[in-house]
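Enquirer: Submitted below is the structure of interest, expressed as C-alpha coordinates.
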Amino acid sequence: MASLLRGLALLLLLSPLAQAKSLSPEAQQARAEFNYKMFCRGCHGPGGEGGKAVPFMNDYVGHFVKFDEGREYLVRVPGSANAALDDTQLAQVLNWIVINIGGPSTPKDFKPYTPAEVGELRKAPLFEAFEARRQLLQKMLQLNIIGELPAQPLP
(Lines give C-alpha, C1' and ligand atoms only; values in the text may rest on other atoms or scores of the structure.)
Protein backbone atom coordinates (compact mmCIF):
# COMPACT_ATOMS: atom_id res chain seq x y z
CA MET A 1 0.00 0.00 0.00
CA ALA A 2 2.81 2.41 0.87
CA SER A 3 4.51 1.89 -2.50
CA LEU A 4 1.20 2.55 -4.27
CA LEU A 5 0.81 5.83 -2.38
CA ARG A 6 4.41 6.82 -3.20
CA GLY A 7 3.75 6.04 -6.85
CA LEU A 8 0.58 8.15 -6.86
CA ALA A 9 2.39 11.02 -5.11
CA LEU A 10 5.19 10.89 -7.69
CA LEU A 11 2.65 10.87 -10.50
CA LEU A 12 0.92 13.93 -9.04
CA LEU A 13 4.23 15.76 -8.68
CA LEU A 14 5.34 15.00 -12.22
CA SER A 15 2.03 15.59 -13.99
CA PRO A 16 2.39 19.43 -14.22
CA LEU A 17 5.85 18.96 -15.72
CA ALA A 18 4.58 16.42 -18.25
CA GLN A 19 1.61 18.64 -18.97
CA ALA A 20 3.85 21.68 -19.61
CA LYS A 21 5.94 19.77 -22.14
CA SER A 22 2.86 18.56 -24.02
CA LEU A 23 1.26 21.98 -24.50
CA SER A 24 0.57 23.09 -28.05
CA PRO A 25 2.69 25.98 -29.38
CA GLU A 26 -0.33 28.27 -29.00
CA ALA A 27 -0.82 27.23 -25.37
CA GLN A 28 2.91 27.72 -24.71
CA GLN A 29 2.67 31.26 -26.14
CA ALA A 30 -0.38 31.99 -23.99
CA ARG A 31 1.45 30.70 -20.92
CA ALA A 32 4.52 32.82 -21.77
CA GLU A 33 2.36 35.93 -22.14
CA PHE A 34 0.61 35.13 -18.85
CA ASN A 35 3.97 34.70 -17.11
CA TYR A 36 5.15 38.05 -18.57
CA LYS A 37 2.05 39.66 -17.08
CA MET A 38 2.63 37.99 -13.71
CA PHE A 39 6.40 38.43 -13.37
CA CYS A 40 7.55 41.26 -15.68
CA ARG A 41 4.71 43.60 -16.56
CA GLY A 42 4.48 45.16 -13.10
CA CYS A 43 7.82 46.91 -13.63
CA HIS A 44 8.35 46.85 -17.41
CA GLY A 45 4.75 47.71 -18.32
CA PRO A 46 2.24 46.01 -20.63
CA GLY A 47 4.21 46.75 -23.78
CA GLY A 48 7.70 46.86 -22.31
CA GLU A 49 7.70 50.66 -21.95
CA GLY A 50 9.45 50.60 -18.56
CA GLY A 51 9.58 53.62 -16.29
CA LYS A 52 11.91 56.10 -14.61
CA ALA A 53 14.30 53.53 -13.18
CA VAL A 54 13.03 50.48 -15.07
CA PRO A 55 14.49 49.62 -18.46
CA PHE A 56 12.19 49.85 -21.44
CA MET A 57 12.18 46.98 -23.87
CA ASN A 58 9.67 47.82 -26.60
CA ASP A 59 11.25 47.88 -30.06
CA TYR A 60 14.71 47.58 -28.46
CA VAL A 61 15.20 44.35 -26.52
CA GLY A 62 15.93 42.40 -29.72
CA HIS A 63 19.26 44.21 -30.08
CA PHE A 64 20.55 42.28 -27.07
CA VAL A 65 20.20 38.89 -28.76
CA LYS A 66 22.41 39.98 -31.66
CA PHE A 67 25.59 39.07 -29.77
CA ASP A 68 26.48 36.53 -27.09
CA GLU A 69 27.03 38.87 -24.14
CA GLY A 70 23.74 40.65 -24.75
CA ARG A 71 21.89 37.38 -25.10
CA GLU A 72 23.39 36.16 -21.83
CA TYR A 73 22.56 39.44 -20.11
CA LEU A 74 18.81 39.02 -20.66
CA VAL A 75 18.90 35.74 -18.72
CA ARG A 76 21.35 36.86 -16.04
CA VAL A 77 19.67 40.13 -14.96
CA PRO A 78 18.21 39.74 -11.47
CA GLY A 79 14.58 39.86 -12.62
CA SER A 80 15.16 36.94 -14.96
CA ALA A 81 17.75 34.88 -13.11
CA ASN A 82 15.80 35.04 -9.85
CA ALA A 83 12.29 34.79 -11.28
CA ALA A 84 9.98 32.23 -9.70
CA LEU A 85 9.81 30.39 -13.03
CA ASP A 86 11.47 27.15 -14.02
CA ASP A 87 14.00 27.16 -16.86
CA THR A 88 11.41 26.15 -19.46
CA GLN A 89 9.00 28.87 -18.40
CA LEU A 90 11.74 31.52 -18.32
CA ALA A 91 12.95 30.49 -21.79
CA GLN A 92 9.37 30.80 -23.05
CA VAL A 93 8.94 34.25 -21.47
CA LEU A 94 12.25 35.53 -22.84
CA ASN A 95 11.37 34.25 -26.31
CA TRP A 96 7.93 35.86 -26.05
CA ILE A 97 9.50 39.17 -24.99
CA VAL A 98 12.06 39.20 -27.81
CA ILE A 99 9.47 38.27 -30.45
CA ASN A 100 6.48 40.28 -29.22
CA ILE A 101 8.08 43.30 -27.58
CA GLY A 102 11.35 43.49 -29.52
CA GLY A 103 9.60 44.67 -32.67
CA PRO A 104 11.98 45.77 -35.44
CA SER A 105 15.02 45.26 -33.17
CA THR A 106 14.52 41.48 -33.22
CA PRO A 107 16.77 39.84 -35.81
CA LYS A 108 15.09 37.76 -38.50
CA ASP A 109 17.37 34.83 -37.58
CA PHE A 110 16.59 35.01 -33.83
CA LYS A 111 17.51 31.71 -32.19
CA PRO A 112 15.04 31.03 -29.36
CA TYR A 113 16.36 30.44 -25.87
CA THR A 114 16.30 26.82 -24.73
CA PRO A 115 15.62 25.64 -21.18
CA ALA A 116 19.13 24.16 -21.01
CA GLU A 117 20.73 27.46 -22.05
CA VAL A 118 18.62 29.40 -19.54
CA GLY A 119 19.43 26.93 -16.76
CA GLU A 120 23.15 27.25 -17.36
CA LEU A 121 23.13 31.06 -17.54
CA ARG A 122 21.00 31.42 -14.41
CA LYS A 123 23.81 29.85 -12.40
CA ALA A 124 25.74 33.13 -12.71
CA PRO A 125 23.24 35.95 -12.04
CA LEU A 126 24.37 39.54 -12.42
CA PHE A 127 24.69 41.57 -9.25
CA GLU A 128 25.50 44.83 -11.02
CA ALA A 129 22.99 44.91 -13.87
CA PHE A 130 23.19 48.67 -14.51
CA GLU A 131 26.96 48.60 -15.05
CA ALA A 132 26.66 45.48 -17.22
CA ARG A 133 23.99 47.22 -19.32
CA ARG A 134 26.16 50.32 -19.69
CA GLN A 135 29.05 48.20 -20.96
CA LEU A 136 26.76 46.30 -23.34
CA LEU A 137 25.40 49.52 -24.80
CA GLN A 138 28.94 50.70 -25.46
CA LYS A 139 29.68 47.38 -27.17
CA MET A 140 26.50 47.72 -29.26
CA LEU A 141 27.75 51.10 -30.44
CA GLN A 142 31.15 49.63 -31.34
CA LEU A 143 29.54 46.72 -33.22
CA ASN A 144 27.16 49.10 -35.04
CA ILE A 145 24.17 47.26 -33.59
CA ILE A 146 22.77 50.62 -32.46
CA GLY A 147 23.54 54.03 -33.89
CA GLU A 148 23.32 56.03 -30.68
CA LEU A 149 22.71 55.58 -26.99
CA PRO A 150 19.05 55.77 -26.02
CA ALA A 151 17.80 58.53 -23.74
CA GLN A 152 15.84 56.08 -21.54
CA PRO A 153 17.13 53.20 -19.43
CA LEU A 154 17.22 49.93 -21.33
CA PRO A 155 16.75 46.25 -20.53
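Enquirer: Quick check for me: using +1 on Lys/Arg Cβ and -1 on Asp/Glu Cβ, what's the dipole size of segment 51-155 about its Cα centre, in debye to the nearest 20?
Expert: That gives segment 51-155 a dipole magnitude of about 160 debye.
Enquirer: Right, another one. Can you give me the % of accessible surface on segment 24-151 that is carbon or sulfur? Probe 1.4 Å, all protein chains present, nothing else counted.
Expert: Result for segment 24-151: 54 percent of the exposed heavy-atom area is carbon or sulfur.
Enquirer: Taking 35 Å as R0, compute the FRET efficiency from the Cβ-Cβ separation of residue 116 and residue 52 and round it to 0.05.
Expert: After rounding, the FRET efficiency stands at 0.45.
Enquirer: Greater than 26 Å separation of Cα atoms is the criterion. Which listed pairs, 52/108; 52/111; 37/139; 111/139, meet it?
Expert: 52/108; 52/111; 37/139
Enquirer: Assuming R0 = 22 Å, what is the FRET efficiency of residue 108 and residue 141, from their Cβ-Cβ distance, to the nearest 0.05?
Expert: About 0.50, to the nearest 0.05.
The values are calculated or read from the model by the stated rules, or taken from the named source; none is laboratory data. Bear in mind the structure is a predicted one, so any value in this text is a computation, not a measurement. Here Cβ is always computed from backbone atoms with ideal geometry, including for glycine, and neighbour counts include all displayed protein chains. Ligands, DNA and RNA are stripped out before the accessible areas are found, and what is left, the full protein with its side chains, is counted by its heavy atoms. Shrake-Rupley method; radii C 1.70, N 1.55, O 1.52, S 1.80 Å.
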